[in-house]
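The values are calculated or read from the model by the stated rules, or taken from the named source; none is laboratory data. Note that this is a predicted model, so its numbers are computed, not measured. Neighbour counts run over all protein chains shown; Cβ positions are idealised from the backbone, glycine included. What goes into the accessible areas is simple: the full protein's heavy atoms, side chains included, and nothing from ligands, DNA or RNA. Shrake-Rupley method; radii C 1.70, N 1.55, O 1.52, S 1.80 Å.
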Amino acid sequence: MSTITKVAAGVVVLAVAGGITYHVTQGAKTDTLKQGTLTIGLEGTYAPFSYRDGDKLTGYDVDVATAVAKKLDLKPKFVQTKWDSLIAGLNSNRYDVVFNNVGITPERQKAYLFSTTYVYSKTVLIKKADDKNLTGIADIKGKKFAQTTTSNYGQIAQDNGAKIVAAPGFVEALNLITSNRADGTLNDLGAYNVWKKENHDTKTVAVDLSKEVPAEPAAPILNKKSTDLQKQINTAIKALKQDGTLKKLSEKYFDADLTEK
């Protein structure tokens, strides 16, 4: 015996023996810019979160956003934008939501809505392999660190006394290190591992900072007005956690389950 209960903005919960199955009905009310479409902002150059495999856009964020759109009965449409203008694009109505490993911070929470956490990013310090001076977070004081200035990692580096060398993205930050224009950078472990596989001859290493810098919770981020859509994405992510989809995608792209802290 099953029962159907309406909740939130058109979300239907189907209660069945042994658990709850979440599904958003066709035509449910949303705050999307285009009817029937979920427009998603991301970088598209930040492997393994979003990147190009030939002509195909792929990555953890791409697959999660696609799965969320499917739960909402919406067609996913991706818009690529550089990091420094990515979140601001929500205010200019370029997209409905950003899936881009965006860390949850008090400052962002004042201006935007966050959905449910779907990944916890582990911070590493990336440096030249022969650099014996950078062994922990305390060592970055006074050092040149290549960072996107509005990122969580940039803020951590700045808070710990690093001299910030502005970089528009992760790949550019690594290029600054390998060309001796920066001493290091703080970023995500998974992103570095993918980059290192493709640039295995590059003499760089990553220092695990997990004991000094807690794993960063990341979540989809939306315009402050998109309260209905936020609720629906929350429900969709909860369903993807329960059915094992998030864990499966995390293991596919990171070789580890980063969906739990």
Hits in region 70-83 - residues which are closer than 30 Å to Thr149 by Cβ and either open to solvent by 80 Å² or more (accessible area, probe 1.4 Å) or without any contact (Cβ under 8 Å) to a residue 24 or more places away in the chain (or both):
Lys77, Lys82
If the requirement is being at pLDDT below 95 and touching a Phe, Trp or Tyr at 6+ places or on another chain (Cβ under 8 Å), which of these qualifies: Gly169, Gly184, Gly103?
Gly169
Sort out which residues of region 34-65 are under 21 Å from Leu189 (Cβ atoms), assigned to a strand (DSSP E or B) and open to solvent by 10 Å² or more (accessible area, probe 1.4 Å), and write them in order of number.
Tyr46, Tyr51, Asp53, Thr58
Regarding region 136-144, can at least one residue be identified that is assigned to a loop (DSSP other than H, G, I, E, B), at pLDDT below 95 and open to solvent by 70 Å² or more (accessible area, probe 1.4 Å)?
no
For region 91-104, does any single residue satisfy the condition of being within 14 Å of the chain's Cα centre (by Cα) and more than 25 Å from Asp53 (Cβ to Cβ)?
yes
Residues of region 156-190 being touching a helix residue (DSSP H, G or I) at 6+ places or on another chain (Cβ under 7 Å) and in a strand (DSSP E or B), in sequence order, are Ile164, Val165, Gly184, Thr185, Leu186, Asn187
Within region 145-178, count every residue that is open to solvent by less than 20 Å² (accessible area, probe 1.4 Å) and either more than 25 Å from the chain's Cα centre (by Cα) or small (Gly, Ala, Ser) (or both).
8
Flagged in region 36-69 as farther than 20 Å from Ile87 by Cα and among the charged types (D, E, K, R), in numbering order, are Arg52, Asp53, Asp55, Lys56
Only listed residue being farther than 28 Å from Lys110 by Cβ and among the polar types (S, T, N, Q), chosen from Gln230, Gln155, Gln242
Gln242
Does region 94-109 contain at least one residue that is hydroxyl-bearing (Ser, Thr, Tyr), part of a helix (DSSP H, G or I), at negative phi and open to solvent by less than 10 Å² (accessible area, probe 1.4 Å)?
no
Any residue in region 200-220 that is within 26 Å of Arg94 (Cα to Cα) and β-branched (Val, Ile, Thr)?
no
Tell me, which residue of region 145-155 that is among the polar types (S, T, N, Q) and outside any loop (DSSP other than H, G, I, E, B) is modelled with the highest pLDDT?
Gln147
If you check Lys241, Lys197, which single one turns out to be open to solvent by 10 Å² or more (accessible area, probe 1.4 Å), modelled with pLDDT under 95, of a type in the set (D, E, K, R) and not in a loop (DSSP other than H, G, I, E, B)?
Lys197
Positions within region 112-126 being open to solvent by 20 Å² or more (accessible area, probe 1.4 Å) and outside any loop (DSSP other than H, G, I, E, B), in sequence order:
Tyr112, Leu113, Phe114, Tyr120
Is it fair to say Lys231 is over 21 Å from Tyr60 (Cβ atoms), open to solvent by 40 Å² or more (accessible area, probe 1.4 Å), charged (D, E, K, R) and at pLDDT 95 or above?
yes
Criterion first (closer than 29 Å to Thr66 by Cα, open to solvent by 30 Å² or more (accessible area, probe 1.4 Å) and part of a strand (DSSP E or B)) does Pro217 satisfy it?
yes
